[in-house]
Amino acid sequence: MPLGLRAVALSRTFTTRAVDGFTGAVGNTPLIRLKKLSERTGCNIIGKAEFQNPGGSVKDRAALGVVRDAEERGLLKPGGTVVEGTAGNTGIGLAHVCRARGYKCVIFMPNTQSQEKIDLLRMLGAEVYPVPAVAYENPQNYNHQARDFARGIPNAIWTDQFDNTANANAHYVSTGPEIWEQTNGEVDGFICATGTGGTLAGTGRYLKEKSNGRTQIWLADPPGSVLYSYVSSGGKLNERSGGSITEGIGQGRITNNLGTFVKDIDGAFSIPDVESVEMVYELLDSEGLYLGASSALNVVAAVKLAQKLGPGKTIATILCDGAYRYQSRLFSKAWLKAKGLEDAIPLHLKKYAVLD
């Protein structure tokens, strides 16, 4: 059995016991071999199906990790309040975790995020404050507003997902070991985009250590982020400019989470929005996977890494979340046209752009 198929088979082995509530269901997601792309590249391209976490995204791991860390350190007491600044998915994960563990959840987020995310957060019982999207250096940045809000009320914590390294540690103790076991240790490359840096740093550090440096760890970056140029230049941090249609990834600085591993990253790719959008549609058409733009960007990058490393390699990436959180944008003809991306969709795939 080819490695990619064996990895999928291993990942579909289910436990015989029930897990303990929402938090017990976080992690242990399957690996999916992307058949058409694997055939095209001659490699095994496999995606960690993080959209199968109970809260619907990879950020469930970070949310649970930072809350558990706060509990273990005595920073979060029963009935307390969890406050975070987030582009959406970490907030959704936190809202689920807070519901399950009896905490109040307050979320500050850029007002550029999709309405689907805001609606879901409020449905889950979180207080949501959409605020203007301004640079991290601005005191009105959503992260700073979350920090200041938490400081102003009793029995509250700001989980600080960008610089709280409990985020990266959650992936070091879960995502990395799962990928290693599911591939029988035969993973040649791992690549994903980063916002907080937790997934790449935690997973990458584990895979590097277990493979004695054999597994290459690469970063995928959207337009408007400085991380591609930082890695490619050997550590020069340029000023951030431009932007991307992707949500929750890209960065203008080196966060504490990314800083735990950034010197060990082997390389980086910059992925244009047009390629990410095209991959959203290709994955739906050829693999039956309804994924968001950040997942699609990761897959584009995995293909590029497969082409760089050569045939026969196994490349793993993260399938972050489903497209339903972005469908009013990604599958809207009008929205894609407004972004200059209507031509990103091949003619035979335009049937999927069903929203006006």
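The values are calculated or read from the model by the stated rules, or taken from the named source; none is laboratory data. Worth saying up front: this structure is predicted, and the values here are computed from it rather than measured. FYI the Cβ positions are ideal-geometry reconstructions off the backbone, even for glycines, and counts take in every protein chain you see. Heads up: the accessible areas ignore ligands, DNA and RNA and are worked out on the full protein's heavy atoms, side chains in. Shrake-Rupley method; radii C 1.70, N 1.55, O 1.52, S 1.80 Å.
Legend note: in the chain, cysteines whose Cβ sits 4.7 Å or more from every other cysteine Cβ are Cys43, Cys192, Cys320. Under a Gaussian network description of the chain, with springs only between Cα atoms under 10 Å, the residue in Ala18, Ala268, Ala316 that fluctuates furthest is Ala18. Less than 5 angstrom separates the built amide H of Gly322 from those of Gly292, all sequence-distant by 5 or more or on a different chain.
Look at the dipole of the chain built from charges on Cβ: of Ala87, Leu34, His348, the Cα furthest out on the positive end belongs to Leu34.
Ligands, DNA and RNA are left out, and with a 1.4 angstrom probe the accessible area of the range 225-356 is 43 Å² per residue.
Rolling a 1.4 Å probe across all protein chains gives Met123 an accessible area of roughly 140 Å². Net charge dipole, the range 58-162: roughly 260 debye, given to the nearest 20, about the Cα centre with Cβ charges of +1 for Lys and Arg and -1 for Asp and Glu. With R₀ fixed at 51 Å, the C-beta to C-beta distance from Glu127 to Val274 puts the FRET efficiency at about 0.90. Expressed as a whole percent, the accessible surface of the chain that belongs to carbon and sulfur atoms is 49, based on a 1.4 Å probe. Please report the antiparallel percentage of the DSSP beta bridges confined to the chain, to the nearest 5. Approximately 15 percent, going by the DSSP bridge assignments. Estimated from helices alone, the mean residue ellipticity of the chain at 222 nm is -11500 deg cm²/dmol (sum of -39500 (n - 2.57) over DSSP H runs with n ≥ 4, per residue).
Averaging the sequence gap over all C-alpha pairs within less than 8 Å and six or more residues apart, then dividing by the number of residues, gives the range 293-356 a relative contact order of 30 percent. Couplings 3J(HN,Hα) for the range 241-254, derived from phi with the Karplus relation 6.51 cos²θ - 1.76 cosθ + 1.60 (θ = phi - 60°), are 8, x, x, 9, 7, 6, 10, x, 10, x, 7, x, 8, 9 Hz, where x marks Gly and Pro. Take the range 58-162 with all the other protein chains still there, run a 1.4 Å probe, and you get 41 Å² of accessible area per residue. 3J(HN,Hα) couplings calculated from phi for the range 210-226 with the Karplus curve 6.51 cos²θ - 1.76 cosθ + 1.60 (θ = phi - 60°) are, in sequence order, 5, 8, 6, x, 5, 6, 7, 10, 10, 10, 10, 9, x, x, x, 9, 9 Hz; Gly and Pro show x. Going by accessible surface with a 1.4 Å probe and the largest first, Ser270, Ser229, Ser276 read Ser270, Ser229, Ser276. Rounded to the nearest 20 debye, the dipole size of the range 210-356 about its Cα centre is 320 debye, using +1 on the Cβ of Lys and Arg and -1 on the Cβ of Asp and Glu. Take every Cα pair under 8 Å whose residues are at least 6 apart in sequence, average their separation, divide by the length of the chain, and the relative contact order is 18 percent. Net charge in the neighbourhood of Asn256 (other residues with Cβ under 11 Å of its Cβ; Lys, Arg +1, Asp, Glu -1) is -1. Of the chymotrypsin sites (Phe, Trp or Tyr not before Pro) found in the range 124-215, those that fall in a DSSP loop while having at most 16 other beta-carbon atoms within 10 Å are Tyr136.
Sequence-ordered 3J(HN,Hα) estimates for the range 330-335 from the Karplus curve with 6.51, -1.76 and 1.60 and θ = phi - 60° stand at 4, 10, 9, 4, 5, 5 Hz, glycine and proline given as x.
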